[in-house]
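Just below is one structure, and these are the notes that go with it.
The values are calculated or read from the model by the stated rules, or taken from the named source; none is laboratory data. Because the structure is predicted, anything quoted here is derived from the model rather than measured. In this analysis, Cβ positions are derived from the backbone assuming ideal geometry, glycine residues included, and neighbour counts consider all displayed protein chains.
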Amino acid sequence: MRMSRLFLRTLRDDPSDAEVDSHRLLVRGGFIRKVASGIYSWLPLGSRVLRRVERIVREEMDAAGAQELVLPIAQPLDLWERSGRDTAYGPLMFRLQDRKESWFCLSPTAEEVITSTVAAEYSSYRDLPVNLYQVNWKYRDELRPRFGLLRAREFLMKDAYSFDLDADGLQASYRAMYDAYHRIFERCGLTFRPVEGEAGEIGGDVNHEFMAVAAVGEDDFVWCRSCDYAANVEVARRRVDAPVGAASGTSAGAPDSERWDSSRRMASVSDPSAEDPAGASAMEEVFTPGLTSIAEVTGFLGVEPSATLKSLAFEAGGRLGLALIPGDRELNEFALSRALAPTPVRLLDDADFAARPSLPRGFIGPHHPDVELVVADPSVAGRGEWVAGANRADHHVRHVVPGRDFRADRFAELVTIVTGDPCPSCGAELSVDRGIEVGQVFQLGTKYSEALGAHYTDEAGEKHPMVMGCYGIGVSRVVAAVVEEHHDEHGMAWPAAVAPFDVHLVAMPGEEPAAAAEALYHELRAEGVEVLLDDRDARAGVKFADADLIGVPVQLVVGAKGLARGVVERKVRATGERDELPLGEVVATVAAALGSAAQG
RNA sequence: CGGGGAGUGGCGCAGUGGUAGCGCACCAGCUUUGGGUGCUGGAGGUCGGGGGUUCGAAUCCCCCCUCCCCGACCA
């Protein structure tokens, strides 16, 4: 491609609405342009990257035995009513009416359509298993589109659906996809990690999310430094018999005396002033005027945050409940929801507190008379006594002893895992990192096959629902994730496999360089190399800056100085390494390097 | 949905009642010729939309729309 003809305008200034590097650079480099909030046009350079990612996805999906098809984007809403996801998605779905006023939606995913499609065609055990996929645009009317391509309302997604006879078959299908995903993300040049995930609206049981490690990611995930445990923070756990306060002792800088010894789980060692629970002091009310935060209370009373009890009020099934966690920890709301499932849980908000004067916000304690359900993190039982709210405005109580002064109706892991917590499987230290969710694999089961009638008849003539799995990859999101990982202050630095071109051939000003570059352009293309030729009538500085911004992995600079010595300069964009190639060897050397890179 | 902010030429921005400006980009020319060169000239804007106040509105008032940020939410 000749840059003089390429539909491209690079920007010298950063777009004002771009917050993250991928968004900023993709716009500056002329890869994408915003059309509406969360909706982008893919200009030629961006389109080329997208196609290369798609190609990798298709190759690996095909290799894993999946078959490509194309499903509609506009889907009848009644299909979604049959699965119940019409209401589950709610306003997240774009909806539209045709001229006959029938309702449609723009597909956010395609379980309903694929399941009804398979149900219509297949009915025998002889037909299964089958795995079908598509690469198609998806729509989600996000509350808040953000970060350019990372949270868009229109995005390109590969979605695959497997149909098996039974759970064993599903395991095999799932495993094949799990392995294919590793190859796909590796080929795209991403540093990633599969983690146990939350099911979300899709439903189902076992699932993994593939996280591209990135500071701008919207998901926190936990991983163990010594074993292979890894999970989205929403579902992450810590070792249940963990010594209370271990995490705060290391991460919050508490003195050693604050640490708990797992062999002595009772409170006596935690606080020199604490007494043995057996003979613990009675609860003692303390005047704490206006001190509603943990930090204020601990500062005022001279205790560690880990010695305070956080009581969070919630409503579940019409009942008032309290979630109890140590004061130095944050509540994992997903964990609370899981603990009370299927009853929906809602933390009380400002309006609720205003309506319930008996609940003095900031001063709530675990022994509140109105509370009908107390759910406590296991660590709450591990400490002999606590500082807690007194259920009276401007008052706290100390020497609150679990079992004596309050009790939990239920124990469940409720705290959000932080770096330093013990791994649930091996006990070693966990770390928390941020990631971009670029893919997810689910074991769905029979939810959709039952709702939409995807059954098969077995050898004995009995009917069974097909056992399904579904597997997504955010193709457009992968593009952004790759830029997040592969860029520097000058611009993008694409991994060869997904770069818009293989080689950026830069002709320096002058007639001789132009002619030499022209010749190389033809020779390289004859070797199958995809070349971007900068044949523009522009200054050298402009060309160099654009080449670094666009980020094609190899730059070949043809200039008068080099030509006088019979050489062309080569620069590797990612590393900045430069060397010189004799003019006569350029084509063979570059083609060979690309060939070996493609194999590796 | 709650809170905050912004809409002025393709991009980035200035302009607080008196005839719309700057930088970049774009066009023409000169200059320059290995890291966004310097100069000259030029084209390009119903100042988000509607209503109002005023002799006069980008500017003040009202309504609406769009976009961005924080939060809630999240294949």
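Identify, by number, the condition in (1) without any contact (Cβ under 8 Å) to a residue 60 or more places away in the chain; (2) touching a helix residue (DSSP H, G or I) at 6+ places or on another chain (Cβ under 9 Å); (3) not acidic (Asp, Glu) that A:SER83 doesn't meet.
(1)
Can you pull out the strands (runs of 3 or more DSSP E) entirely within the stretch A:1-112 that have at least 1 residues that are basic (Lys, Arg) and in contact with a Ser or Thr (Cβ under 7 Å, 6 or more places away or on another chain)?
A:32-36
Quick grid of which residues meet (1) assigned by TED's automatic domain parsing to the domain that holds A:ASN136; (2) under 20 Å from A:HIS490 (Cβ atoms); (3) among the polar types (S, T, N, Q):
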| position | (1), (2), (3) |
| --- | --- |
| A:MET1 | no, no, no |
| A:LEU8 | no, yes, no |
| A:LEU25 | yes, yes, no |
| A:LYS34 | yes, no, no |
| A:GLY38 | yes, no, no |
| A:TRP42 | yes, no, no |
| A:LEU45 | yes, yes, no |
| A:ARG52 | yes, no, no |
| A:ARG55 | yes, no, no |
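Restricting the stretch A:416-440 to residues that are surrounded by fewer than 24 Cβ atoms within 10 Å (Cβ to Cβ) and among the aliphatic types (A, V, I, L, M), which is farthest from A:ASP220 (Cα to Cα)?
The qualifying residue farthest from A:ASP220 (Cα to Cα) is A:ALA428.
Restricting the stretch A:158-196 to residues that are among the aliphatic types (A, V, I, L, M) and within 15 Å of RNA strand B (Cβ to nearest atom), which is nearest to A:HIS487 (Cα to Cα)?
Looking at the filtered set, the residue picked out is A:LEU190.
Quick one: in the stretch A:467-506, which of the residues that are within 10 Å of RNA strand B (Cβ to nearest atom) and outside the structural domain of A:LEU25 (by TED's automatic domain parsing) is surrounded by the most Cβ atoms within 10 Å (Cβ to Cβ)?
By that ranking, first place goes to A:VAL506.
How many of the residues making up the stretch A:304-354 are assigned to a loop (DSSP other than H, G, I, E, B) and either small (Gly, Ala, Ser) or out of contact with any helix residue (DSSP H, G or I) (no Cβ under 8 Å at 6 or more places or on another chain) (or both)?
The number of residues fulfilling the criteria is 10.
I need the full set of residues from the stretch A:102-157 which are more than 8 Å from RNA strand B (Cβ to nearest atom), in contact (Cβ under 8 Å) with a residue 24 or more places away in the chain and of a type in the set (D, E, K, R), in order please.
Listed by number, the residues that qualify are A:GLU111, A:GLU112, A:ASP127, A:ASP141, A:ARG153, A:GLU154.
Picking from A:TYR125, A:TYR89, which residue would you name as being within 23 Å of the chain's Cα centre (by Cα), assigned by TED's automatic domain parsing to the domain that holds A:GLY469 and of a type outside the set (A, V, I, L, M, F, W, C)?
Only one candidate qualifies: A:TYR89.
Would you tally the residues in the stretch A:556-567 being within 8 Å of RNA strand B (Cβ to nearest atom) and either of a type in the set (Lys, Arg) or buried (at least 17 other Cβ atoms within 10 Å of the Cβ) (or both)?
Within the stretch A:556-567, residues that are within 8 Å of RNA strand B (Cβ to nearest atom) and either of a type in the set (Lys, Arg) or buried (at least 17 other Cβ atoms within 10 Å of the Cβ) (or both) number 6.
Can you give me the number of residues within the stretch A:529-555 that are surrounded by fewer than 20 Cβ atoms within 10 Å (Cβ to Cβ) and part of a helix (DSSP H, G or I)?
Count: 6.
For the stretch A:137-220, give me every one of the strands (runs of 3 or more DSSP E) that falls completely inside it and has 1 or more residues that are at pLDDT 95 or above, touching a Leu at 6+ places or on another chain (Cβ under 7 Å) and farther than 19 Å from A:VAL233 by Cβ.
Strands (runs of 3 or more DSSP E) meeting the threshold: A:154-164.
Return only the number of the condition from (1) within 13 Å of RNA strand B (Cβ to nearest atom); (2) in contact with a Phe, Trp or Tyr (Cβ under 6 Å, 6 or more places away or on another chain); (3) not charged (D, E, K, R) that A:LEU11 does not satisfy.
The number of the failed condition is (2).
Scan (1) within 9 Å of RNA strand B (Cβ to nearest atom); (2) surrounded by fewer than 23 Cβ atoms within 10 Å (Cβ to Cβ) for the single condition A:ALA574 breaks and write down its number.
Every listed condition holds for A:ALA574 apart from (1).
Yes or no, residue by residue, for (1) touching a helix residue (DSSP H, G or I) at 6+ places or on another chain (Cβ under 9 Å); (2) charged (D, E, K, R); (3) more than 12 Å from RNA strand B (Cβ to nearest atom):
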residue: A:ARG28; (1), (2), (3): yes, yes, no
residue: A:ARG33; (1), (2), (3): yes, yes, no
residue: A:GLU54; (1), (2), (3): yes, yes, yes
residue: A:MET61; (1), (2), (3): yes, no, yes
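Answer with yes or no whether A:GLY38 is within 14 Å of RNA strand B (Cβ to nearest atom), touching a residue at least 24 places away in the same chain (Cβ under 8 Å) and closer than 23 Å to A:ALA18 by Cα.
So A:GLY38 fits the description; yes.
What's the number of the condition A:ALA526 fails, among (1) buried (at least 16 other Cβ atoms within 10 Å of the Cβ); (2) more than 9 Å from RNA strand B (Cβ to nearest atom)?
It is condition (1) that A:ALA526 fails.
Based on this model, can you work out whether A:LEU128 counts as of a type in the set (A, V, I, L, M) and farther than 26 Å from A:GLY169 by Cα?
It is false that A:LEU128 is of a type in the set (A, V, I, L, M) and farther than 26 Å from A:GLY169 by Cα.
May I ask you to list pairs of residues, at least six apart or on different chains, whose Cβ atoms are under 9 Å apart, with the first in the stretch A:368-393 being touching a residue at least 60 places away in the same chain (Cβ under 8 Å) and under 20 Å from A:LEU331 (Cβ atoms) and the second being assigned to a strand (DSSP E or B) and small (Gly, Ala, Ser)?
Hits for this filter: A:ALA388/A:SER311; A:GLY389/A:SER311.
Of the conditions (1) under 24 Å from the mean Cα position of the chain (by Cα); (2) surrounded by 14 or more Cβ atoms within 10 Å (Cβ to Cβ); (3) more than 30 Å from A:LEU520 (Cα to Cα), A:ALA36 clears all except one; give me its number.
Result: A:ALA36 fails condition (2) only.
Within the stretch A:70-84, does at least one residue satisfy the condition of being modelled with pLDDT under 90 and within 10 Å of RNA strand B (Cβ to nearest atom)?
The answer is no, given that none of the residues of the stretch A:70-84 is modelled with pLDDT under 90 and within 10 Å of RNA strand B (Cβ to nearest atom).
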